[in-house]
1. Give the residue that is nearest to D114 (Cα to Cα), with candidates limited to residues of the stretch 3-27 that are in a loop (DSSP other than H, G, I, E, B) and open to solvent by less than 30 Å² (accessible area, probe 1.4 Å).
2. Quick one: which residue in L217, L240 is among the aliphatic types (A, V, I, L, M), surrounded by 15 or more Cβ atoms within 10 Å (Cβ to Cβ) and at pLDDT below 95?
3. If K207 satisfies all but one of (1) among the charged types (D, E, K, R); (2) buried (at least 19 other Cβ atoms within 10 Å of the Cβ); (3) modelled with pLDDT under 95, what's the number of the condition it fails?
4. Scanning the stretch 320-331 for residues that are open to solvent by less than 80 Å² (accessible area, probe 1.4 Å) and within 25 Å of the chain's Cα centre (by Cα), which turns out farthest from G190 (Cα to Cα)?
5. Any chance the stretch 154-169 includes a residue that's of a type outside the set (A, V, I, L, M), modelled with pLDDT of 95 or more and farther than 20 Å from F209 by Cα?
6. For E316, all conditions in the list (1) closer than 17 Å to Q215 by Cα; (2) in contact (Cβ under 8 Å) with a residue 24 or more places away in the chain hold save one; what is the number of the exception?
7. Which residues, counting only those in the stretch 279-311, are free of Cβ contacts under 8 Å to residues at least 24 places away in the same chain, in a strand (DSSP E or B) and surrounded by 15 or more Cβ atoms within 10 Å (Cβ to Cβ)?
Amino acid sequence: MQIILKPNSSTCNNNCDYCFYKNKPNRGIIDEKTLLAYYQQSVIAHKFFGFSTVNFSFQGGEPTLLGLDFFKRAIKLQKNINCTNSLQTNGILLNEEWCKFLKSNNFLVGISIDGPKELHEKHRKNFEQTIKGLRLLHKHKIPFNALVCLHEDNINNPIQIYDFLVKNNVVYIQFIPIVNENPFPSVEYGNFMIEIFNKWFSRDFGKIFIHDFEQCLQIIIGKSPTQCIYRNYCGHNPVLEANGDLYSCDHFVTDDYKLGNIHKESILELLNSPKQIAFGKAKANVSSNCKSCKLFYICKGGCPKNRKNKLNCLCEGNKIFIEYILSNFNKIIEKISIHSSLLP
């Protein structure tokens, strides 16, 4: 479970044209009262669900726009809390001072980058600042992962993107296909993942970690996945807006999915509410084709935000790359036995 905080709502400095959050109503900047409530209530909720450590996740918009002084105060308010912190950023404002702070406070950072400049700037801006930020994270030995959005202008460049990331010392990679009103053909997504898999498996197995491959392998060997789209139920990643409003999920911040406000009801009460429980169970509401599919135990129908008529828009592509992983499963196990440190 991770309760995502939007401390300055949708405010951003990059205006990416595919951003699903930029048109959300802006709820301003979080005040100290709401931040403290987020901390205290998150601890109680995590304990209830059996977690001893809380991860405080700062996302946006672009949270670094709040400035370093805000985050220094935010860390001080965590005194006596057993917690970790993560930050999702476009990297534009990262500098030496920021990185010293992130390193000294053990932040895990997610940085959004869509490949080399000619691909990154198809839908985003400020490539030079982003790559500078990425290199600063590496210089200061701050753990980070790259979040790479896949769209019609980079989906056919898998090796170019992968080699660029490896060249820039990215070890942890998560690919996020953008599904909008006119998505790229699903089969292109499957082919993209297969080409990445082949390059990774032949050269970088045990050195580079790709989120979707890891999640699929976890399920295949009988372990529980950590990412929500591969789980049976939704609702593990609720979102807290700057004004204290809590929503069912990062991708469902609309009035229909507002659970309440943490100044009136606690996070634990809201997460255990009939509305949130119904939201979680609704993930199982898939098409008959999904239910009869031999791969459903892995994909679980995908993220509900990507469904049309109860069917995942990425279904065909998912099948292609999951079946490819299954066909190479024995080879993967052989490599895992060689790299014994990779055994779960």
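1. Going residue by residue through the stretch 3-27, those that are in a loop (DSSP other than H, G, I, E, B) are 3, 7-27.
Filter again for open to solvent by less than 30 Å² (accessible area, probe 1.4 Å), leaving 3, 7-10, 14, 16, 21.
Numbers: I3: 26, P7: 24, N8: 24, S9: 23, S10: 20, N14: 13, C16: 11, Y21: 18 Å.
Among those residues, the one meeting the criterion is C16.
2. On the way: L240 fails: at pLDDT below 95.
So the residue among L217, L240 that is among the aliphatic types (A, V, I, L, M), surrounded by 15 or more Cβ atoms within 10 Å (Cβ to Cβ) and at pLDDT below 95 is L217.
3. For K207, the failing item is (2).
4. L326
5. yes
6. (1)
7. If the condition is that a residue be free of Cβ contacts under 8 Å to residues at least 24 places away in the same chain, in a strand (DSSP E or B) and surrounded by 15 or more Cβ atoms within 10 Å (Cβ to Cβ), then R307 is the only one that fits.
Every residue, every condition in (1) open to solvent by less than 10 Å² (accessible area, probe 1.4 Å); (2) modelled with pLDDT of 95 or more; (3) out of contact with any helix residue (DSSP H, G or I) (no Cβ under 7 Å at 6 or more places or on another chain), yes or no:
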| position | (1), (2), (3) |
| --- | --- |
| N105 | no, yes, no |
| G133 | yes, yes, yes |
| I142 | yes, yes, no |
| C149 | no, yes, yes |
| V179 | no, no, no |
| N182 | no, no, yes |
| S186 | no, no, no |
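The values are calculated or read from the model by the stated rules, or taken from the named source; none is laboratory data. Since this is a predicted model, take the numbers as computed values, not measurements. Every residue, glycine among them, receives a Cβ derived from its backbone with ideal geometry; neighbour counts consider all protein chains shown. Areas reflect the complete protein model, heavy atoms only, side chains present, ligands, DNA and RNA absent. Shrake-Rupley method; radii C 1.70, N 1.55, O 1.52, S 1.80 Å.
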